[in-house]
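Here's the structure, in structure tokens; my notes come after.
The values are calculated or read from the model by the stated rules, or taken from the named source; none is laboratory data. Everything numeric in this text was worked out from a predicted model, so none of it was measured. When we count neighbours, we look across all protein chains shown, and the Cβ atoms used for this are built from the backbone with ideal geometry, even at glycine.
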Amino acid sequence: MTEVEITSWSKGFQTVSCIRLLQSMAGLGLADAKRVTENVLGGKKQTVSIRSEADVSLFMSALAKLGAVASIKAAL
């Protein structure tokens, strides 16, 4: 597993798409994905775990396209 830290967002951030991405790639339920997204919008850094090493770069790229700023925190 790899931990990805979502640190902030930029203008044009796509909230609903971010929630869906968190559900599909991080395996979060709707409530948790929404909470993570709302916390990022509120200025709080959030860490999510991505199960597959192969999916980390896809996840990071998708977050960037949605307007989220993220970095790899640690590989577990």
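Quick notes on this one:
- The residues of the stretch 37-59 that are of a type outside the set (S, T, N, Q) and either closer than 13 Å to residue 18 by Cβ or in contact (Cβ under 8 Å) with a residue 60 or more places away in the chain (or both), listed by number, are 38, 40, 41, 48, 59.
- Looking only at residues in the stretch 1-27 that are assigned to a helix (DSSP H, G or I) and among the hydrophobic types (A, V, I, L, M, F, W, C), the one that is surrounded by the fewest Cβ atoms within 10 Å (Cβ to Cβ) is 16.
- Taken as a whole, the condition of being hydroxyl-bearing (Ser, Thr, Tyr) and either modelled with pLDDT of 95 or more or touching a helix residue (DSSP H, G or I) at 6+ places or on another chain (Cβ under 6 Å) (or both) does not apply to residue 57.
- Leading residue by the ranking (nearest to residue 10 (Cα to Cα)) among those in the stretch 46-65 that are exposed (fewer than 14 other Cβ atoms within 10 Å of the Cβ) and charged (D, E, K, R): 65
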